[in-house]
Amino acid sequence: MKNPTNLFKAALKERRHQLGIWNTIGGNTVPELLGGAGFDWVLVDCEHAAIETVEVLPALQAIATSPKVSAIVRPADNDATLFKRILDMGAQSLLVPYVQTVAEAENAVAALRYGPHGVRGMAGMTRATRYGKVDDYFAVAYDEMCLILQIETVQGLKNLEAIATTEGVDAIFIGPADLSASMGLPGQMDHPDVVAAIHDAIERLQKLNVPVGLMALDPVAAKDYIARGVAFTAVGVDLVMLADAAQDLRQSFDSPK
């Protein structure tokens, strides 16, 4: 059988905008629900969420019940061992957090490639190989890999062009929250200086023809970024949505003053 096509990577190449949602609740039920909600991609977050690497496998299997939806995984760190495990589970798209230098970008690229061009360990009986059924998997696997690097510091922005044009990097994701902290404005994602830095990064990446994405939970801001030409946008987080809905429900029973 052929190696599965990475629909997310294909859409990036075709310059089709993709709308996404963040999965931070462990298990397989929530990612399955999110996969069926009509978004183009679901990100399984192992960095800031209480989701361990071992939980990625059932999440990927759950999302796969919606065959037109892409799964992206954010590892806890830019670490080849974490990548190896997640890739063997069948993930084809990784969002690597906190990349600040070309060397870090090159390390991420190497971790996705088998030797002699990289350091990914080889294992045959994995979900990635469809348990040995994918034809010539070790030669073709990298063709469908999508590497997204997250830029979320002032240093990362200074090195933006060099990181984005590192061979093997497919896209850049701007992290507004950590960027605000790095700029001395923690939590102020809507501060004019932070917004200006994001707009500048988008323009710089567009000049390089490198796809750029970000998270914007405010629909107005999200639509503005989409209008500016970002390639992929996360517009919701499962736990945030649950908390908001629970609070709204409770408040609907408060007696009017």
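Of everything in the range 1-40 that's farther than 17 Å from R74 by Cβ and of a type in the set (D, E), which residue is surrounded by the fewest Cβ atoms within 10 Å (Cβ to Cβ)?
My answer is E14.
What are the pairs with Cβ atoms under 7 angstrom where one residue, in the range 142-168, is free of Cβ contacts under 8 Å to residues at least 40 places away in the same chain and within 13 Å of N6 (Cα to Cα) and the other, located anywhere, is in a helix (DSSP H, G or I) and of a type outside the set (K, R)? Sequence gap at least six, or different chains.
Short answer, once both residue conditions are applied: Y142/L112.
Return the only residue of I63, I72, I86, I25 being among the β-branched types (V, I, T), within 15 Å of the chain's Cα centre (by Cα) and over 26 Å from I163 (Cα atoms).
Numbers: I72 fails: over 26 Å from I163 (Cα atoms); I86 fails: over 26 Å from I163 (Cα atoms); I25 fails: within 15 Å of the chain's Cα centre (by Cα).
Of I63, I72, I86, I25, the one residue that is among the β-branched types (V, I, T), within 15 Å of the chain's Cα centre (by Cα) and over 26 Å from I163 (Cα atoms) is I63.
Which residues, counting only those in the range 128-153, are of a type outside the set (D, E) and over 20 Å from the mean Cα position of the chain (by Cα)? Write out each step before concluding.
We begin by selecting, within the range 128-153, every residue of a type outside the set (D, E); these are 128-134, 137-142, 145-151, 153.
Hits for the range 128-153 are T129, R130, Y131, G132, K133, V134, Y137, F138, A139, V140.
Residues in the range 188-215 that are touching a residue at least 60 places away in the same chain (Cβ under 8 Å) and either touching a His at 6+ places or on another chain (Cβ under 9 Å) or closer than 17 Å to V154 by Cβ (or both): how many?
0
Just to be sure before I move on: is S93 touching a Cys at 6+ places or on another chain (Cβ under 7 Å) and hydroxyl-bearing (S, T, Y) in the structure I sent?
Yes: the conditions hold for S93.
Could you count how many residues in the range 125-149 are loosely packed, with under 12 Cβ neighbours inside 10 Å and either of a type outside the set (S, T, Y) or closer than 22 Å to G213 by Cα (or both)?
7
Note down all Cβ pairs under 9 Å where the first residue falls in the range 91-117 and is surrounded by fewer than 20 Cβ atoms within 10 Å (Cβ to Cβ), the second is assigned to a strand (DSSP E or B), and they're at least six residues apart or on different chains.
Correct list of pairs: Y98/Q150; Y98/I151; E104/V96; E104/L149; A110/R120; R113/R120; Y114/R120.
Wholly within the range 191-257, which helices (runs of 4 or more DSSP H) include no fewer than the required count, namely at least 3 residues that are loosely packed, with under 12 Cβ neighbours inside 10 Å and hydrophobic (A, V, I, L, M, F, W, C)?
The helices (runs of 4 or more DSSP H) meeting that bar are 238-251.
Please work out if I172 is surrounded by 15 or more Cβ atoms within 10 Å (Cβ to Cβ) and touching a Pro at 6+ places or on another chain (Cβ under 9 Å). Before the answer, list the steps.
Details: surrounded by 15 or more Cβ atoms within 10 Å (Cβ to Cβ): yes; touching a Pro at 6+ places or on another chain (Cβ under 9 Å): yes.
For I172, the condition - surrounded by 15 or more Cβ atoms within 10 Å (Cβ to Cβ) and touching a Pro at 6+ places or on another chain (Cβ under 9 Å) - is met.
Just checking, which of A231, A246, A197 is over 25 Å from R74 (Cα atoms) and not β-branched (V, I, T)?
Going through A231, A246, A197 in turn, just one is over 25 Å from R74 (Cα atoms) and not β-branched (V, I, T): A246.
Every number in this text was worked out from the coordinates using simple rules, so none of it is lab data. Model, not experiment: these values are computed from the prediction. For neighbour counting, all protein chains shown are included, and Cβ atoms are generated from backbone atoms with ideal geometry for every residue, glycine included.
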